[in-house]
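A short worksheet on the structure shown next.
The values are calculated or read from the model by the stated rules, or taken from the named source; none is laboratory data. Here the structure is a predicted model, which means the values were calculated and not measured. Here Cβ is always computed from backbone atoms with ideal geometry, including for glycine, and neighbour counts include all displayed protein chains.
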């Protein structure tokens, strides 16, 4: 994401959707009058002009390299995270479990730059940035993309996907300690075959929703597998189906955003098996984007990327307590990347290169959002990071002050 561009003569862009973000991007109140906010003192036309808008907080964007052998460059793979739960630090993954030693991200399957489908499994150490291939064995598991996955104890649970010929609805477990793959036999009202579905586990139940099949059908029902009896049931949700959009599980709730023209956050209550649309407040991202990533950091959801005609984008954050979107400002570290590696929009917000169908996770040890793989295809040893340490402190202080009113 930090590739150097040959032409730096014009770093101001005007034909990007993100320019529609109001100057009230950073506020978490009902004030939307741009005239009340500080603007640049000049009409900056060059990155070398120091008069561009200076945000009140910034995550620090950088590029790093991984250690050792790495997986093939790919997209449309699954990503899950196992994170240690430390005092005062919330789970960072959409599917997070406990690990006694260190944070790991697991990725698998997907499609490479030559169009080959994959079925390998890799573990990524979020402390040392080292990859390790997990050798799998056991039941036959075909190469596929668009696989849904979640973590349950020491097992990755995978569902469905597309194998190049058929859409699938099979379900497997993969033991992350020894790589053993086991096909799970189920009964009942089995979900329709699909790829890019949502998968979550809560109270010994596996939940499947959304995704799409060969006729581009997007199922609206919520399929529920009782993990004790291995029996499927279904329940209708009164919201349209979505596909290729991220989800984050927070306790008994699933949050998901995108894939629609409506700027609404989907919230599914897994206890009551009901859904609702939370109307977006603040400065939400484009709603019709697919292939974005979203993760939980403390009390916020961080949203980035997704497929779009523009190669540049902002990072957004969503305050769960206040149902409020805001732009999470980013600036380069000045060493591995500079302002030349990004773009400024017409209101002088700094944008960085866009990815879609990629991995994004969070390391509570380093307080860094970490992204890798995905499209555009690039060197798989290259990862992008956004350190959020100081920026989160500012956001927490702002939230504490808002609680006083």
Item to check | Every residue from the stretch 127-143 that is on the phi > 0 side of the Ramachandran plot and outside any loop (DSSP other than H, G, I, E, B) | outcome: 138
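Take the stretch 324-349 and flag every residue that is without any contact (Cβ under 8 Å) to a residue 40 or more places away in the chain and in contact with a strand residue (DSSP E or B) (Cβ under 6 Å, 6 or more places away or on another chain). Walk me through it before giving the result.
First, pick out the residues of the stretch 324-349 that are without any contact (Cβ under 8 Å) to a residue 40 or more places away in the chain: 334, 338.
338 - this is the single residue of the stretch 324-349 that is without any contact (Cβ under 8 Å) to a residue 40 or more places away in the chain and in contact with a strand residue (DSSP E or B) (Cβ under 6 Å, 6 or more places away or on another chain).
Of all residues in the stretch 300-343, how many are part of a strand (DSSP E or B) and either within 13 Å of the chain's Cα centre (by Cα) or closer than 20 Å to residue 250 by Cα (or both)? Lay out the reasoning, then the answer.
Taking the stretch 300-343 and keeping what is part of a strand (DSSP E or B), we get 300-305, 312-313, 315-319, 324-328, 330-332, 343.
Then drop every residue that is not either within 13 Å of the chain's Cα centre (by Cα) or closer than 20 Å to residue 250 by Cα (or both), which leaves 300-305, 315-319, 324-326.
Counting residues in the stretch 300-343 that are part of a strand (DSSP E or B) and either within 13 Å of the chain's Cα centre (by Cα) or closer than 20 Å to residue 250 by Cα (or both) gives 14.
Go through the stretch 346-370 and give me each residue that's more than 19 Å from residue 391 (Cβ to Cβ) and buried (at least 22 other Cβ atoms within 10 Å of the Cβ). Working first, answer last.
Restricting attention to the stretch 346-370, the residues satisfying the condition of being more than 19 Å from residue 391 (Cβ to Cβ) are 346-347, 353-359.
Once the filter is applied, which keeps residues that are more than 19 Å from residue 391 (Cβ to Cβ) and buried (at least 22 other Cβ atoms within 10 Å of the Cβ), the stretch 346-370 yields 354, 355, 357, 358, 359.
With the requirement that a residue be in contact with a strand residue (DSSP E or B) (Cβ under 7 Å, 6 or more places away or on another chain) and either modelled with pLDDT under 90 or assigned to a loop (DSSP other than H, G, I, E, B) (or both), what does the stretch 214-235 give you? Explain how you work it out, then say what you get.
Quick first cut of the stretch 214-235, residues in contact with a strand residue (DSSP E or B) (Cβ under 7 Å, 6 or more places away or on another chain) only: 214, 218, 220-227, 230-235.
If the condition is that a residue be in contact with a strand residue (DSSP E or B) (Cβ under 7 Å, 6 or more places away or on another chain) and either modelled with pLDDT under 90 or assigned to a loop (DSSP other than H, G, I, E, B) (or both), then 214, 218, 220, 227, 230 are the ones that fit.
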Checklist entry - Out of the stretch 270-282, which residues are closer than 19 Å to residue 204 by Cα, surrounded by fewer than 18 Cβ atoms within 10 Å (Cβ to Cβ) and in contact with a strand residue (DSSP E or B) (Cβ under 6 Å, 6 or more places away or on another chain)? => result 273
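Criterion first (modelled with pLDDT under 95 and buried (at least 19 other Cβ atoms within 10 Å of the Cβ)) does residue 373 satisfy it?
Details: modelled with pLDDT under 95: no; buried (at least 19 other Cβ atoms within 10 Å of the Cβ): yes.
For residue 373, the condition - modelled with pLDDT under 95 and buried (at least 19 other Cβ atoms within 10 Å of the Cβ) - is not met.
Which residue, of 138, 146, is farther than 30 Å from residue 64 by Cβ and either surrounded by 14 or more Cβ atoms within 10 Å (Cβ to Cβ) or touching a residue at least 60 places away in the same chain (Cβ under 8 Å) (or both)? Quick ask: steps written out before the conclusion?
Details: 146 fails: farther than 30 Å from residue 64 by Cβ.
Result of the check over 138, 146: 138.
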Checklist outcome for this item: How many residues of the stretch 149-166 are within 17 Å of residue 117 (Cα to Cα) and either crowded, with 23+ Cβ neighbours inside 10 Å or in contact with a strand residue (DSSP E or B) (Cβ under 8 Å, 6 or more places away or on another chain) (or both)? The answer is 8
Checklist entry - Are any residues in the stretch 167-189 on the phi < 0 side of the Ramachandran plot and surrounded by fewer than 16 Cβ atoms within 10 Å (Cβ to Cβ), and if so, which ones? => result 177, 178, 180, 182, 183, 185, 187, 189
Item to check | Candidates 239, 245, 254 - the one that is touching a strand residue (DSSP E or B) at 6+ places or on another chain (Cβ under 7 Å) and either assigned to a strand (DSSP E or B) or touching a residue at least 60 places away in the same chain (Cβ under 8 Å) (or both) | outcome: 254
